[in-house]
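Have a look at the structure below, then the notes.
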Amino acid sequence: MPGRMQSVVRRGRAAARRVGLRAGAAQMDITPPLGIQIAGDIGRRRPAEVVLDPLFAKALVLENAGRKLCVISLDVTVVTREWTNRIRHEVGRFGLEPEAVMVHAVQNHAAPGIGHFMVVGESEYVPPDLWWLRGGDDRYNDFALSRIIEAVRLANDSLEPARVGWGSGIEARVAFNRRFVMRDGSIKTHPRVGDPNILHCEGPMDPELGVMCINNPALRTLAMLLHYTCHPVHGYPMRYITAGWPGAWAEEIRRAYGREVVPLIFNGCCGNIHHRNHLDPTQIDDWRRMGRLLAETTDSVLKGLVWQEQSSLDWRVKRVRIPLRALEASEVEKARQLLAKHPQPMWRDDTRTSIEWDWVYAVALLDLQAQIQKRPEMEYEVQTFRVGDLALVGLGGEPFVEGQLRIKQVSPAKRTYVAHMCNECAGYIPTAEAFRRGGYETRTANWSKLAPEALDRIVEAAIELLRNLFSQGVG
(Lines give C-alpha, C1' and ligand atoms only; values in the text may rest on other atoms or scores of the structure.)
Protein backbone atom coordinates (compact mmCIF):
# COMPACT_ATOMS: atom_id res chain seq x y z
CA MET A 1 0.00 0.00 0.00
CA PRO A 2 1.44 3.40 -0.94
CA GLY A 3 2.86 5.46 1.94
CA ARG A 4 0.44 8.34 1.59
CA MET A 5 -2.54 6.03 1.96
CA GLN A 6 -0.96 4.42 5.03
CA SER A 7 -0.74 7.78 6.79
CA VAL A 8 -4.35 8.66 5.94
CA VAL A 9 -5.58 5.36 7.28
CA ARG A 10 -3.42 5.58 10.42
CA ARG A 11 -5.03 8.86 11.48
CA GLY A 12 -8.41 7.17 11.45
CA ARG A 13 -7.47 4.01 13.34
CA ALA A 14 -8.67 5.13 16.77
CA ALA A 15 -11.96 6.38 15.34
CA ALA A 16 -12.51 3.01 13.66
CA ARG A 17 -12.53 1.42 17.10
CA ARG A 18 -15.10 3.90 18.39
CA VAL A 19 -17.48 3.37 15.49
CA GLY A 20 -19.33 0.08 15.68
CA LEU A 21 -18.77 -0.86 12.06
CA ARG A 22 -17.53 -4.36 11.25
CA ALA A 23 -16.77 -5.69 7.80
CA GLY A 24 -15.93 -8.97 6.13
CA ALA A 25 -15.26 -9.85 2.51
CA ALA A 26 -14.58 -13.01 0.52
CA GLN A 27 -14.55 -14.36 -3.01
CA MET A 28 -15.17 -17.77 -4.54
CA ASP A 29 -14.27 -19.06 -7.98
CA ILE A 30 -17.38 -19.54 -10.16
CA THR A 31 -15.58 -20.34 -13.42
CA PRO A 32 -17.86 -22.75 -15.31
CA PRO A 33 -16.80 -26.17 -16.55
CA LEU A 34 -16.04 -26.30 -20.26
CA GLY A 35 -19.13 -26.83 -22.39
CA ILE A 36 -21.35 -24.48 -20.39
CA GLN A 37 -23.24 -21.97 -22.57
CA ILE A 38 -21.79 -18.46 -22.59
CA ALA A 39 -24.56 -15.86 -22.45
CA GLY A 40 -24.71 -12.33 -23.82
CA ASP A 41 -25.57 -13.06 -27.46
CA ILE A 42 -28.74 -13.46 -29.51
CA GLY A 43 -29.37 -16.83 -31.14
CA ARG A 44 -25.82 -18.14 -30.92
CA ARG A 45 -24.60 -21.44 -29.47
CA ARG A 46 -21.50 -20.60 -27.40
CA PRO A 47 -20.21 -23.57 -25.39
CA ALA A 48 -17.15 -22.55 -23.39
CA GLU A 49 -14.03 -24.05 -24.98
CA VAL A 50 -11.21 -22.41 -23.02
CA VAL A 51 -10.71 -20.32 -19.87
CA LEU A 52 -8.49 -17.26 -20.23
CA ASP A 53 -8.99 -16.09 -16.66
CA PRO A 54 -11.30 -17.09 -13.80
CA LEU A 55 -14.71 -15.74 -12.81
CA PHE A 56 -15.54 -14.89 -9.19
CA ALA A 57 -18.43 -14.35 -6.83
CA LYS A 58 -17.44 -11.63 -4.36
CA ALA A 59 -19.27 -10.72 -1.17
CA LEU A 60 -18.97 -7.79 1.20
CA VAL A 61 -20.86 -7.90 4.51
CA LEU A 62 -21.11 -4.78 6.69
CA GLU A 63 -22.53 -4.74 10.22
CA ASN A 64 -23.24 -1.90 12.65
CA ALA A 65 -25.42 -1.90 15.77
CA GLY A 66 -26.71 -5.36 14.94
CA ARG A 67 -27.78 -4.41 11.40
CA LYS A 68 -26.19 -6.08 8.39
CA LEU A 69 -26.14 -5.43 4.69
CA CYS A 70 -24.46 -7.38 1.93
CA VAL A 71 -23.25 -6.58 -1.59
CA ILE A 72 -22.61 -9.52 -3.92
CA SER A 73 -20.78 -8.88 -7.20
CA LEU A 74 -20.79 -11.64 -9.82
CA ASP A 75 -18.63 -11.95 -12.95
CA VAL A 76 -21.63 -13.24 -14.95
CA THR A 77 -23.94 -11.84 -17.60
CA VAL A 78 -27.22 -11.75 -15.66
CA VAL A 79 -28.93 -13.10 -12.57
CA THR A 80 -32.70 -13.48 -12.75
CA ARG A 81 -35.22 -12.64 -10.03
CA GLU A 82 -35.79 -16.36 -9.36
CA TRP A 83 -32.13 -16.91 -8.52
CA THR A 84 -31.78 -13.67 -6.58
CA ASN A 85 -34.66 -14.83 -4.40
CA ARG A 86 -32.88 -18.13 -3.81
CA ILE A 87 -29.64 -16.37 -2.91
CA ARG A 88 -31.43 -14.05 -0.51
CA HIS A 89 -33.25 -16.96 1.09
CA GLU A 90 -30.07 -18.98 1.55
CA VAL A 91 -28.04 -16.13 3.09
CA GLY A 92 -30.84 -15.33 5.53
CA ARG A 93 -29.25 -17.78 7.95
CA PHE A 94 -26.38 -15.32 8.35
CA GLY A 95 -28.69 -12.70 9.84
CA LEU A 96 -29.29 -10.82 6.58
CA GLU A 97 -32.73 -9.51 5.66
CA PRO A 98 -33.66 -10.10 1.99
CA GLU A 99 -33.90 -6.38 1.20
CA ALA A 100 -30.44 -5.84 2.72
CA VAL A 101 -28.83 -8.14 0.12
CA MET A 102 -27.89 -6.64 -3.27
CA VAL A 103 -27.04 -9.18 -5.98
CA HIS A 104 -25.17 -7.50 -8.83
CA ALA A 105 -24.13 -9.09 -12.13
CA VAL A 106 -21.42 -7.05 -13.85
CA GLN A 107 -22.95 -8.20 -17.18
CA ASN A 108 -19.84 -9.87 -18.48
CA HIS A 109 -20.53 -11.10 -22.04
CA ALA A 110 -17.85 -13.81 -21.84
CA ALA A 111 -19.53 -15.72 -19.00
CA PRO A 112 -22.72 -17.68 -18.32
CA GLY A 113 -25.92 -16.17 -16.99
CA ILE A 114 -27.75 -17.43 -13.92
CA GLY A 115 -31.31 -18.22 -15.01
CA HIS A 116 -33.19 -17.84 -18.31
CA PHE A 117 -33.85 -14.33 -19.60
CA MET A 118 -34.39 -14.47 -23.38
CA VAL A 119 -37.21 -16.99 -23.72
CA VAL A 120 -38.77 -17.45 -20.30
CA GLY A 121 -42.04 -19.29 -20.99
CA GLU A 122 -43.02 -22.43 -22.86
CA SER A 123 -42.46 -22.00 -26.59
CA GLU A 124 -43.22 -24.46 -29.35
CA TYR A 125 -40.28 -23.02 -31.27
CA VAL A 126 -37.69 -23.91 -28.63
CA PRO A 127 -37.38 -27.71 -28.53
CA PRO A 128 -35.14 -29.42 -25.96
CA ASP A 129 -32.13 -29.44 -28.29
CA LEU A 130 -32.35 -25.64 -28.66
CA TRP A 131 -32.49 -24.99 -24.90
CA TRP A 132 -29.61 -22.50 -25.21
CA LEU A 133 -31.94 -20.04 -26.97
CA ARG A 134 -33.48 -19.33 -23.56
CA GLY A 135 -30.33 -17.50 -22.51
CA GLY A 136 -29.15 -19.60 -19.58
CA ASP A 137 -27.69 -23.02 -18.85
CA ASP A 138 -29.42 -25.04 -16.13
CA ARG A 139 -26.22 -26.99 -15.50
CA TYR A 140 -24.52 -23.84 -14.20
CA ASN A 141 -27.12 -22.39 -11.82
CA ASP A 142 -26.71 -24.64 -8.78
CA PHE A 143 -22.96 -24.78 -9.35
CA ALA A 144 -22.82 -20.97 -9.05
CA LEU A 145 -25.37 -20.76 -6.24
CA SER A 146 -23.41 -22.93 -3.84
CA ARG A 147 -20.26 -20.88 -4.35
CA ILE A 148 -22.10 -17.56 -3.99
CA ILE A 149 -23.52 -18.69 -0.66
CA GLU A 150 -20.09 -19.84 0.45
CA ALA A 151 -18.61 -16.43 -0.39
CA VAL A 152 -21.24 -14.73 1.77
CA ARG A 153 -20.64 -17.24 4.59
CA LEU A 154 -16.91 -16.61 4.55
CA ALA A 155 -17.44 -12.84 4.49
CA ASN A 156 -19.88 -13.04 7.38
CA ASP A 157 -17.57 -15.29 9.41
CA SER A 158 -14.66 -12.88 8.94
CA LEU A 159 -16.38 -9.75 10.31
CA GLU A 160 -13.93 -7.48 12.13
CA PRO A 161 -13.76 -3.79 13.15
CA ALA A 162 -13.40 -1.61 10.08
CA ARG A 163 -13.58 1.88 8.68
CA VAL A 164 -14.87 3.13 5.33
CA GLY A 165 -13.24 5.69 3.08
CA TRP A 166 -14.53 6.93 -0.23
CA GLY A 167 -13.41 9.01 -3.17
CA SER A 168 -13.92 9.57 -6.89
CA GLY A 169 -11.81 10.29 -9.91
CA ILE A 170 -12.38 10.96 -13.61
CA GLU A 171 -11.63 8.30 -16.22
CA ALA A 172 -12.83 9.16 -19.72
CA ARG A 173 -10.35 7.19 -21.83
CA VAL A 174 -12.06 3.81 -21.87
CA ALA A 175 -15.88 4.22 -22.03
CA PHE A 176 -18.05 5.88 -24.68
CA ASN A 177 -21.68 6.26 -25.68
CA ARG A 178 -22.34 3.70 -28.40
CA ARG A 179 -25.46 5.27 -30.03
CA PHE A 180 -25.04 7.78 -32.85
CA VAL A 181 -27.35 10.06 -34.77
CA MET A 182 -26.58 9.65 -38.45
CA ARG A 183 -26.86 12.33 -41.13
CA ASP A 184 -30.18 10.91 -42.33
CA GLY A 185 -31.62 11.24 -38.80
CA SER A 186 -31.52 7.52 -38.06
CA ILE A 187 -29.88 5.95 -35.02
CA LYS A 188 -27.08 3.41 -35.21
CA THR A 189 -25.67 1.41 -32.34
CA HIS A 190 -22.04 0.61 -33.13
CA PRO A 191 -21.65 2.35 -36.50
CA ARG A 192 -18.47 1.75 -38.44
CA VAL A 193 -15.55 3.43 -36.70
CA GLY A 194 -14.99 6.82 -38.30
CA ASP A 195 -18.10 6.51 -40.51
CA PRO A 196 -18.45 9.92 -42.26
CA ASN A 197 -22.24 9.53 -42.01
CA ILE A 198 -22.04 9.99 -38.23
CA LEU A 199 -23.57 13.35 -37.30
CA HIS A 200 -23.06 13.22 -33.53
CA CYS A 201 -23.07 10.97 -30.50
CA GLU A 202 -26.60 10.70 -29.11
CA GLY A 203 -25.84 11.01 -25.43
CA PRO A 204 -23.32 11.22 -22.57
CA MET A 205 -21.19 8.75 -20.68
CA ASP A 206 -20.38 8.80 -16.96
CA PRO A 207 -16.65 9.44 -16.37
CA GLU A 208 -16.78 8.91 -12.60
CA LEU A 209 -14.59 6.20 -11.13
CA GLY A 210 -15.75 5.68 -7.55
CA VAL A 211 -14.03 3.85 -4.72
CA MET A 212 -15.35 2.67 -1.38
CA CYS A 213 -12.39 1.30 0.60
CA ILE A 214 -12.74 -0.80 3.76
CA ASN A 215 -9.75 -1.10 6.11
CA ASN A 216 -9.33 -2.76 9.50
CA PRO A 217 -7.63 -1.06 12.51
CA ALA A 218 -4.33 -2.72 11.61
CA LEU A 219 -4.34 -0.76 8.31
CA ARG A 220 -5.03 -3.85 6.22
CA THR A 221 -7.40 -3.27 3.30
CA LEU A 222 -10.19 -5.83 3.47
CA ALA A 223 -12.13 -4.86 0.37
CA MET A 224 -12.79 -2.18 -2.21
CA LEU A 225 -16.04 -1.51 -3.97
CA LEU A 226 -15.05 -0.09 -7.37
CA HIS A 227 -17.61 1.83 -9.42
CA TYR A 228 -17.36 2.46 -13.15
CA THR A 229 -19.81 2.38 -16.07
CA CYS A 230 -19.16 0.38 -19.24
CA HIS A 231 -20.49 -2.71 -21.03
CA PRO A 232 -18.05 -5.62 -20.50
CA VAL A 233 -18.26 -6.96 -24.06
CA HIS A 234 -14.64 -7.66 -25.01
CA GLY A 235 -15.27 -11.42 -25.11
CA TYR A 236 -18.28 -11.24 -27.45
CA PRO A 237 -19.00 -13.41 -29.46
CA MET A 238 -16.12 -15.77 -28.76
CA ARG A 239 -16.14 -19.13 -26.98
CA TYR A 240 -13.65 -18.32 -24.27
CA ILE A 241 -14.26 -17.46 -20.63
CA THR A 242 -12.81 -14.23 -19.34
CA ALA A 243 -13.80 -11.76 -16.64
CA GLY A 244 -13.06 -8.94 -19.10
CA TRP A 245 -12.21 -5.45 -17.92
CA PRO A 246 -13.90 -5.94 -14.51
CA GLY A 247 -11.66 -8.93 -13.87
CA ALA A 248 -8.57 -7.19 -15.20
CA TRP A 249 -9.27 -4.16 -12.97
CA ALA A 250 -9.77 -6.37 -9.93
CA GLU A 251 -6.60 -8.31 -10.64
CA GLU A 252 -4.56 -5.11 -10.95
CA ILE A 253 -5.90 -3.97 -7.57
CA ARG A 254 -4.97 -7.26 -5.89
CA ARG A 255 -1.53 -7.18 -7.48
CA ALA A 256 -0.92 -3.66 -6.14
CA TYR A 257 -2.61 -3.81 -2.73
CA GLY A 258 -2.39 -7.47 -1.72
CA ARG A 259 -3.91 -10.79 -2.65
CA GLU A 260 -6.09 -10.70 0.48
CA VAL A 261 -8.00 -7.65 -0.83
CA VAL A 262 -11.46 -8.42 -2.26
CA PRO A 263 -12.23 -5.93 -5.09
CA LEU A 264 -15.95 -5.88 -5.90
CA ILE A 265 -16.80 -4.29 -9.25
CA PHE A 266 -19.97 -2.13 -9.14
CA ASN A 267 -20.78 -1.59 -12.82
CA GLY A 268 -23.06 1.35 -13.55
CA CYS A 269 -25.98 1.91 -15.94
CA CYS A 270 -24.25 1.03 -19.19
CA GLY A 271 -27.23 0.22 -21.43
CA ASN A 272 -25.82 2.64 -24.00
CA ILE A 273 -22.15 2.71 -22.94
CA HIS A 274 -19.35 0.67 -24.53
CA HIS A 275 -15.55 0.45 -24.45
CA ARG A 276 -15.21 1.02 -28.23
CA ASN A 277 -14.70 4.61 -29.31
CA HIS A 278 -16.37 4.84 -32.72
CA LEU A 279 -14.80 8.23 -33.37
CA ASP A 280 -11.19 7.10 -32.94
CA PRO A 281 -9.76 4.59 -35.45
CA THR A 282 -6.45 4.55 -33.54
CA GLN A 283 -7.93 3.33 -30.26
CA ILE A 284 -6.34 0.26 -28.67
CA ASP A 285 -9.41 -1.58 -27.36
CA ASP A 286 -8.15 -4.31 -25.04
CA TRP A 287 -9.65 -5.37 -21.72
CA ARG A 288 -6.28 -5.80 -20.01
CA ARG A 289 -5.21 -2.31 -21.00
CA MET A 290 -8.57 -1.01 -19.78
CA GLY A 291 -8.01 -2.73 -16.44
CA ARG A 292 -4.57 -1.13 -16.12
CA LEU A 293 -5.91 2.36 -16.87
CA LEU A 294 -8.75 1.96 -14.39
CA ALA A 295 -6.24 0.79 -11.78
CA GLU A 296 -4.02 3.82 -12.42
CA THR A 297 -6.94 6.16 -11.76
CA THR A 298 -7.93 4.10 -8.71
CA ASP A 299 -4.46 4.59 -7.27
CA SER A 300 -4.85 8.35 -7.58
CA VAL A 301 -8.25 8.22 -5.88
CA LEU A 302 -6.92 6.11 -3.01
CA LYS A 303 -4.35 8.78 -2.16
CA GLY A 304 -7.09 11.28 -1.33
CA LEU A 305 -9.87 9.25 0.31
CA VAL A 306 -12.33 10.83 2.71
CA TRP A 307 -12.55 8.63 5.80
CA GLN A 308 -15.91 8.57 7.53
CA GLU A 309 -16.17 9.29 11.25
CA GLN A 310 -19.38 7.25 11.36
CA SER A 311 -20.70 4.55 9.07
CA SER A 312 -24.26 3.86 10.08
CA LEU A 313 -26.04 1.35 7.85
CA ASP A 314 -29.53 1.54 6.43
CA TRP A 315 -31.46 0.50 3.35
CA ARG A 316 -34.69 1.17 1.50
CA VAL A 317 -36.41 -0.79 -1.27
CA LYS A 318 -39.33 0.18 -3.46
CA ARG A 319 -41.10 -2.00 -5.99
CA VAL A 320 -42.38 0.10 -8.84
CA ARG A 321 -45.20 -1.29 -10.96
CA ILE A 322 -44.12 -0.60 -14.55
CA PRO A 323 -46.24 -1.65 -17.56
CA LEU A 324 -44.71 -4.02 -20.04
CA ARG A 325 -44.51 -2.49 -23.48
CA ALA A 326 -47.75 -2.41 -25.49
CA LEU A 327 -47.30 -4.65 -28.53
CA GLU A 328 -48.62 -3.45 -31.86
CA ALA A 329 -51.00 -5.94 -33.48
CA SER A 330 -49.10 -5.59 -36.74
CA GLU A 331 -45.83 -6.37 -34.93
CA VAL A 332 -47.27 -9.56 -33.46
CA GLU A 333 -48.80 -10.60 -36.79
CA LYS A 334 -45.49 -10.07 -38.57
CA ALA A 335 -43.78 -12.37 -36.06
CA ARG A 336 -46.48 -15.01 -36.51
CA GLN A 337 -46.17 -14.89 -40.29
CA LEU A 338 -42.40 -15.25 -40.17
CA LEU A 339 -42.64 -18.28 -37.88
CA ALA A 340 -45.44 -19.81 -39.97
CA LYS A 341 -43.15 -19.60 -42.98
CA HIS A 342 -40.07 -20.69 -41.00
CA PRO A 343 -41.17 -22.89 -38.08
CA GLN A 344 -37.61 -24.17 -37.83
CA PRO A 345 -34.68 -21.85 -37.06
CA MET A 346 -33.29 -19.75 -39.89
CA TRP A 347 -29.67 -20.81 -39.55
CA ARG A 348 -26.90 -18.42 -40.53
CA ASP A 349 -24.28 -21.12 -40.99
CA ASP A 350 -23.90 -24.77 -41.97
CA THR A 351 -22.69 -25.66 -38.47
CA ARG A 352 -26.08 -24.58 -37.05
CA THR A 353 -24.62 -22.53 -34.25
CA SER A 354 -26.07 -19.11 -35.17
CA ILE A 355 -29.68 -18.17 -35.99
CA GLU A 356 -30.92 -15.10 -37.85
CA TRP A 357 -31.88 -12.37 -35.39
CA ASP A 358 -35.28 -11.76 -37.02
CA TRP A 359 -36.29 -15.36 -36.26
CA VAL A 360 -35.07 -15.15 -32.65
CA TYR A 361 -36.84 -11.80 -32.14
CA ALA A 362 -40.08 -13.30 -33.52
CA VAL A 363 -39.92 -16.17 -31.02
CA ALA A 364 -39.08 -13.80 -28.18
CA LEU A 365 -41.89 -11.39 -29.14
CA LEU A 366 -44.53 -14.12 -28.98
CA ASP A 367 -43.04 -15.29 -25.69
CA LEU A 368 -43.31 -11.74 -24.35
CA GLN A 369 -46.90 -11.49 -25.56
CA ALA A 370 -47.73 -14.61 -23.53
CA GLN A 371 -46.11 -13.04 -20.46
CA ILE A 372 -48.09 -9.81 -20.97
CA GLN A 373 -51.34 -11.74 -21.16
CA LYS A 374 -50.56 -13.34 -17.80
CA ARG A 375 -49.33 -10.15 -16.15
CA PRO A 376 -49.14 -6.86 -18.08
CA GLU A 377 -46.76 -5.14 -15.69
CA MET A 378 -43.54 -5.78 -13.82
CA GLU A 379 -42.76 -5.13 -10.17
CA TYR A 380 -39.38 -3.50 -10.66
CA GLU A 381 -37.15 -3.32 -7.59
CA VAL A 382 -35.23 -0.16 -6.77
CA GLN A 383 -32.77 -0.81 -3.94
CA THR A 384 -30.76 1.77 -1.99
CA PHE A 385 -28.10 1.34 0.71
CA ARG A 386 -26.64 3.93 3.04
CA VAL A 387 -23.10 3.46 4.35
CA GLY A 388 -22.44 6.60 6.38
CA ASP A 389 -22.33 9.48 3.91
CA LEU A 390 -22.17 7.13 0.91
CA ALA A 391 -25.14 5.82 -1.09
CA LEU A 392 -25.30 2.66 -3.19
CA VAL A 393 -28.18 2.22 -5.63
CA GLY A 394 -29.08 -1.10 -7.25
CA LEU A 395 -31.22 -1.11 -10.41
CA GLY A 396 -32.36 -4.08 -12.47
CA GLY A 397 -31.72 -4.52 -16.17
CA GLU A 398 -29.76 -2.15 -18.39
CA PRO A 399 -30.87 1.45 -17.82
CA PHE A 400 -29.36 4.10 -20.05
CA VAL A 401 -26.66 6.16 -18.37
CA GLU A 402 -28.79 9.32 -18.44
CA GLY A 403 -30.88 7.88 -15.59
CA GLN A 404 -27.80 7.23 -13.46
CA LEU A 405 -26.52 10.76 -14.02
CA ARG A 406 -29.85 12.24 -12.94
CA ILE A 407 -29.78 10.19 -9.74
CA LYS A 408 -26.23 11.24 -8.94
CA GLN A 409 -26.92 14.89 -9.63
CA VAL A 410 -29.72 15.27 -7.06
CA SER A 411 -28.74 12.61 -4.50
CA PRO A 412 -28.36 14.01 -0.96
CA ALA A 413 -25.43 11.65 -0.28
CA LYS A 414 -21.86 12.93 -0.53
CA ARG A 415 -21.22 10.24 -3.12
CA THR A 416 -23.71 8.00 -4.91
CA TYR A 417 -22.64 4.91 -6.82
CA VAL A 418 -25.27 3.21 -9.02
CA ALA A 419 -25.13 -0.35 -10.33
CA HIS A 420 -27.22 -1.91 -13.09
CA MET A 421 -28.18 -5.60 -13.43
CA CYS A 422 -29.04 -5.87 -9.73
CA ASN A 423 -31.40 -8.55 -8.47
CA GLU A 424 -33.19 -9.18 -11.79
CA CYS A 425 -32.95 -8.96 -15.56
CA ALA A 426 -35.36 -6.30 -16.83
CA GLY A 427 -33.76 -5.75 -20.23
CA TYR A 428 -32.75 -2.45 -21.78
CA ILE A 429 -34.33 0.65 -20.22
CA PRO A 430 -33.79 3.49 -22.71
CA THR A 431 -34.69 7.15 -22.32
CA ALA A 432 -38.00 8.41 -23.72
CA GLU A 433 -36.00 10.31 -26.36
CA ALA A 434 -34.23 7.10 -27.41
CA PHE A 435 -37.61 5.45 -27.95
CA ARG A 436 -38.62 8.27 -30.29
CA ARG A 437 -35.43 7.74 -32.28
CA GLY A 438 -35.43 3.94 -32.25
CA GLY A 439 -32.38 1.72 -32.60
CA TYR A 440 -31.24 -1.67 -31.38
CA GLU A 441 -31.86 -1.15 -27.65
CA THR A 442 -35.51 -0.17 -28.22
CA ARG A 443 -36.43 -3.21 -30.33
CA THR A 444 -39.09 -5.14 -28.42
CA ALA A 445 -38.21 -8.51 -26.90
CA ASN A 446 -37.75 -9.99 -23.43
CA TRP A 447 -34.48 -8.08 -23.24
CA SER A 448 -36.24 -4.77 -24.05
CA LYS A 449 -39.77 -4.97 -22.72
CA LEU A 450 -40.65 -2.09 -20.39
CA ALA A 451 -42.84 0.86 -21.39
CA PRO A 452 -41.09 4.06 -22.55
CA GLU A 453 -41.79 5.85 -19.26
CA ALA A 454 -39.90 3.19 -17.27
CA LEU A 455 -36.61 5.03 -16.84
CA ASP A 456 -38.27 8.21 -15.57
CA ARG A 457 -40.29 6.26 -13.01
CA ILE A 458 -37.24 4.30 -11.85
CA VAL A 459 -35.19 7.47 -11.40
CA GLU A 460 -38.00 9.15 -9.46
CA ALA A 461 -38.26 6.12 -7.14
CA ALA A 462 -34.50 6.03 -6.53
CA ILE A 463 -34.40 9.74 -5.69
CA GLU A 464 -37.36 9.36 -3.31
CA LEU A 465 -35.63 6.49 -1.50
CA LEU A 466 -32.35 8.37 -1.23
CA ARG A 467 -34.04 11.44 0.20
CA ASN A 468 -35.73 9.23 2.76
CA LEU A 469 -32.47 7.46 3.64
CA PHE A 470 -30.64 10.75 4.08
CA SER A 471 -33.49 12.75 5.64
CA GLN A 472 -31.30 13.38 8.68
CA GLY A 473 -28.52 14.79 6.51
CA VAL A 474 -24.90 13.72 6.20
CA GLY A 475 -21.91 14.12 8.48
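The values are calculated or read from the model by the stated rules, or taken from the named source; none is laboratory data. Quick caveat, the model's predicted, so the values are computed rather than measured. Note: ideal-geometry Cβ built from the backbone for every residue, glycine included; neighbour counts use all protein chains shown.
Within segment 65-87, which residues are more than 25 Å from Cys270 (Cα to Cα) and either touching a Cys at 6+ places or on another chain (Cβ under 9 Å) or among the small types (Gly, Ala, Ser) (or both)?
Ala65, Gly66
Per-residue answers, yes or no, for (1) modelled with pLDDT of 95 or more; (2) farther than 17 Å from Ala39 by Cβ; (3) in the same structural domain as Asp41 (by TED's automatic domain parsing):
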position	(1), (2), (3)
His420	yes, no, yes
Glu424	yes, no, yes
Glu433	yes, yes, yes
Gly439	yes, yes, yes
Ala445	yes, no, yes
Ser448	yes, no, yes
Val459	yes, yes, yes
Gly475	no, yes, no
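Evaluate segment 75-83: report whether one residue or more is within 21 Å of the chain's Cα centre (by Cα), of a type in the set (Val, Ile, Thr) and within 24 Å of Val261 (Cα to Cα). Reasoning before the result, please.
The initial filter retains those residues of segment 75-83 that are within 21 Å of the chain's Cα centre (by Cα), namely 75-83.
If we keep only those that are of a type in the set (Val, Ile, Thr) as well, we get 76-80.
With the extra rule that they be within 24 Å of Val261 (Cα to Cα), the set shrinks to 76-77.
Scanning segment 75-83 turns up at least one residue that is within 21 Å of the chain's Cα centre (by Cα), of a type in the set (Val, Ile, Thr) and within 24 Å of Val261 (Cα to Cα).
In the set Ala144, Ala151, Ala111, Ala155, which member is touching a residue at least 24 places away in the same chain (Cβ under 8 Å), among the small types (Gly, Ala, Ser), within 30 Å of Ser354 (Cβ to Cβ) and not in a loop (DSSP other than H, G, I, E, B)? So that I can check it myself, show each step before the final result.
Values: Ala151 fails: within 30 Å of Ser354 (Cβ to Cβ); Ala111 fails: not in a loop (DSSP other than H, G, I, E, B); Ala155 fails: within 30 Å of Ser354 (Cβ to Cβ).
Going through Ala144, Ala151, Ala111, Ala155 in turn, just one is touching a residue at least 24 places away in the same chain (Cβ under 8 Å), among the small types (Gly, Ala, Ser), within 30 Å of Ser354 (Cβ to Cβ) and not in a loop (DSSP other than H, G, I, E, B): Ala144.
Can you name every residue in segment 43-58 that is buried (at least 23 other Cβ atoms within 10 Å of the Cβ) and either more than 19 Å from the chain's Cα centre (by Cα) or part of a loop (DSSP other than H, G, I, E, B) (or both)?
Once the filter is applied, which keeps residues that are buried (at least 23 other Cβ atoms within 10 Å of the Cβ) and either more than 19 Å from the chain's Cα centre (by Cα) or part of a loop (DSSP other than H, G, I, E, B) (or both), segment 43-58 yields Gly43, Arg46, Leu55.
Name the pairs whose Cβ atoms lie under 6 Å apart, with the first residue in segment 408-431 and closer than 18 Å to Gly113 by Cβ, the second among the charged types (D, E, K, R) and modelled with pLDDT of 95 or more, and 6 or more positions between them or separate chains?
Taking only residues 6 or more apart or on different chains, the pairs are His420/Glu398; Asn423/Glu381; Glu424/Arg81; Gly427/Lys449; Tyr428/Glu398; Tyr428/Glu441.
Here are Ala434, Ala462: which of them is surrounded by 24 or more Cβ atoms within 10 Å (Cβ to Cβ) and in a helix (DSSP H, G or I)? Give the steps one after another, and end with the answer.
Numbers: Ala434 fails: surrounded by 24 or more Cβ atoms within 10 Å (Cβ to Cβ).
The match here is Ala462.
Conditions (1) of a type in the set (A, V, I, L, M); (2) buried (at least 17 other Cβ atoms within 10 Å of the Cβ); (3) in contact with a helix residue (DSSP H, G or I) (Cβ under 8 Å, 6 or more places away or on another chain); (4) not in a loop (DSSP other than H, G, I, E, B), marked per residue:
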{"position": "Asp41", "(1), (2), (3), (4)": "no, yes, no, no"}
{"position": "Leu60", "(1), (2), (3), (4)": "yes, yes, yes, yes"}
{"position": "Lys68", "(1), (2), (3), (4)": "no, yes, yes, yes"}
{"position": "Arg93", "(1), (2), (3), (4)": "no, no, no, yes"}
{"position": "Val103", "(1), (2), (3), (4)": "yes, yes, yes, yes"}
{"position": "His116", "(1), (2), (3), (4)": "no, yes, yes, no"}
{"position": "Trp131", "(1), (2), (3), (4)": "no, no, yes, yes"}
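Looking at (1) under 22 Å from Gln37 (Cβ atoms); (2) part of a loop (DSSP other than H, G, I, E, B); (3) not polar (S, T, N, Q), find the lone condition where Gly247 falls short.
(2)
Do any strands (runs of 3 or more DSSP E) entirely within segment 303-416 hold 3 or more residues that are out of contact with any helix residue (DSSP H, G or I) (no Cβ under 7 Å at 6 or more places or on another chain), within 19 Å of Gly427 (Cα to Cα) and of a type outside the set (A, V, I, L, M), and if so, which? It would help to see each step written out before you state the result.
Details: elements: 313-323, 377-387, 390-395.
Here the list reads 313-323, 377-387.
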